[in-house]
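The values are calculated or read from the model by the stated rules, or taken from the named source; none is laboratory data. This structure is a prediction, so every number in the text was calculated from the model and none was measured. Note that each Cβ is placed from the backbone with ideal geometry, even for glycine, and that neighbours are counted across all protein chains shown. The area values use the complete protein model at the heavy-atom level, side chains included, leaving out ligands, DNA and RNA. Shrake-Rupley method; radii C 1.70, N 1.55, O 1.52, S 1.80 Å.
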Amino acid sequence: MVEVGAEQTARARILATDDRPEVLRLVERSLAEQYDCEFATSVGAAREKLAAEPFELALCDIQMPEESGLVLVEEISRHHPETAIVMVTGVDDPDVAEDAYRLGAHGYLVKPFWSGQLLITVANALRQHKLELSERRRHVALLGGAEEKAEALRHELIEAQRQAIADLQASRQETVERLARAIEMHDPDTGQHVKRMASTAALLGERLGLSADRVLLLRAAAPMHDVGKIGIPDGVLQKQGELTSSERDRIKEHTAVGQQILADSDSDLLKMAATIAFTHHEWFDGSGYPKGLSGDAIPLEGRIVAVADVFDALLSDRPYREAMSIEDATELIASERGTHFDPEVVDALMDNLDEALSTRGAGRPRG
């Protein structure tokens, strides 16, 4: 389990603003052990709480019924500089994220999110804001409080840095989405599958002890696991009937094709994506492809995506079959524990099944 927030010497106070009670309950369950939480169901109520007492961090939902959460983000940034801000939204829109970072947000969460994501984002936002406040106080002390122009310039530099980070994140996400879109045009079954399985993979990575940075990379890299399908003919990939032996062999080539597309990059993201593309069809017992790797010789990210990929596929409708029930899907995965799948990854899925299912949002299957 990734430990987050450990360096907080005192319990930070967090204000969560959302008009959906189930979201506030998730926040309480996720954060209550490490932080003191207050809740508001409207921007007005949050405004009153902020005026009455200080908070180290505010979680601000953007889609509020009366006033936009962006208004609250701007007010907190302006009138409560001691408070870090994490924006929460149900729409993954780079333009909205850019607005939030421009107004002073320190983090960005897209619903539905899981506990691990929330803990990591909150801890990172608190850490970043603490460093900013410390640096600001140091500069003010050095300047003796007299150099207002220099302090204003420093704020401009901080804002430029924050904007650069936001632009980089948006650019990286756009790259992933464009590759996923290219795969989807070639294989109509891909669609939302890659987003759901990436969320599941990140959850499993977090539960298996990957660092916060590695979890975020895994979430971004997992959607590219089948990018090699671009190199498979449509007639084979979209065939409705049973595949011939040669056609099955041709489809298996997508692992090597994907690795070739993504390899030889200096980007940590693309390096991980290449590894996943090449190894997510390896079996734990060595009977998979393309190399017949077994056990720990298969990179952990490949073992994680193997489980997340099959888990979501079993719970999704396909042209040739209906979605399985949760019970049947989990029973099938459990039956291949130690043969197809890494036992530790299967156990992580079973131990966190409700959370894994919640990443499917409104598309949660029957069962």
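Going by average Cβ density within 10 Å per residue, which order do the peptides 223-232, 21-30 take, highest to lowest? Write down the numbers at each step before the final one.
Details: 223-232: 23.5, 21-30: 15.6.
Highest mean packing first, the order is 223-232, 21-30.
Treating only the Cβ atoms of Lys and Arg (+1) and Asp and Glu (-1) as charged, compute the dipole magnitude of the stretch 1-126 about its Cα centre; round to the nearest 20 debye. Before the final figure, lay out each step's value.
Details: 10 positive and 23 negative charges, 46 e Å.
It comes to approximately 220 debye.
Quick one: which residues, 5 or more positions from Val88 or on another chain, have an amide H under 5 Å from its amide H? H modelled 1.01 Å from N in the peptide plane, none for Pro or chain starts.
Cys60, Asp61, Ile62, Leu109
For the pair Ala256 and Leu133, how long in nm is the line joining their label points, each one 7 Å along Cα→Cβ?
Distance between label points: 5.7 nm.
R0 = 25 Å: FRET efficiency of Glu66 with Lys111, Cβ-based, nearest 0.05? If you can, show how the numbers build up before the last one.
Details: r = 19 Å, r/R0 = 0.76.
Between Glu66 and Lys111 the formula returns 0.85.
Which shape class, rounded, prolate or oblate, goes with the stretch 240-308 when its Cα gyration tensor gives a ≥ b ≥ c as root eigenvalues, a/c under 1.5 marks rounded, and past that a/b bigger than b/c marks prolate?
Numbers: a/c = 2.25, a/b = 1.36, b/c = 1.65.
Here the stretch 240-308 falls in the oblate category.
Under a point spin-label approximation (7 Å from Cα along Cα-to-Cβ), what is the His79-Arg20 distance to one decimal in nm?
The modelled label-to-label distance comes out at 2.8 nm.
Per residue of the stretch 86-95, in order, report the coupling 6.51 cos²θ - 1.76 cosθ + 1.60 (Karplus, θ = phi - 60°) as ³J(HN,Hα) in whole Hz, putting x for Gly and Pro.
10, 7, 10, 8, x, 10, 7, 10, x, 5
Dividing the alpha-carbon Rg of the stretch 8-86 by 2.2 N^0.38 Å yields what?
Working: Rg = 11.7 Å, N = 79, 2.2 N^0.38 = 11.6 Å.
In units of the 2.2 N^0.38 Å rule of thumb, it is 1.01.
Can you list the residues, at least 5 places off or on another chain, whose amide H is less than 5 Å from the amide H of Leu243, using H built in the peptide plane?
HN-HN under 5 Å from Leu243: empty list.
Could you pull out every one of the lysines with an alpha carbon less than 25 Å from that of Lys229, ignoring same-chain neighbours closer than 8 positions?
Lys195, Lys239, Lys252, Lys271, Lys291
Modelled label-to-label distance, Leu332 and Thr244, 7 Å Cα→beta-carbon offset: nm?
Output for this residue pair reads 2.7 nm.
Amide H to amide H, which residues 5 or more places from His80 or on other chains are under 5 Å from it, using H placed in the peptide plane?
Amide H to amide H, under 5 Å and 5 or more residues apart or across chains, His80 pairs with nothing.
For Ala52 and Asp93 in the same chain, what is the full-extension length gain: residue separation times 0.36 nm, less their Cα-Cα distance, in nm?
Values: separation 41, 0.36 × 41 = 14.76 nm, distance 3.27 nm.
Gain on extension, Ala52 to Asp93, equals 11.5 nm.
Measuring with a 1.4 Å probe in the full set of protein chains, what accessible area per residue, in whole Å², belongs to the stretch 189-299? Present the calculation step by step, with values, prior to reporting the outcome.
Values: 4920 Å² over 111 residues.
Spelled out: the 1.4 Å probe surface of the stretch 189-299, per residue, equals 44 Å².
How much length, in nm to one decimal, is gained on full extension between Ala32 and Asp354, taken as 0.36 nm per residue of separation minus their Cα-Cα distance? Working shown, then result.
Numbers: separation 322, 0.36 × 322 = 115.92 nm, distance 1.94 nm.
114.0 nm is the gain from fully extending Ala32 to Asp354.
What's the Kirkwood radius of the stretch 182-338 in Å, using all Cα pairs?
Numbers: mean 1/r = 0.0625 Å⁻¹.
That comes to 16.0 Å for the stretch 182-338.
For the stretch 42-82, what's the radius of gyration and Dmax over Cα atoms, in angstrom?
9.5, 27
Rounded to whole Å, give me the distance from the Cα center of the stretch 222-293 to that of the stretch 15-30.
If we compute the Cα centre of each part, the gap is 40 Å.
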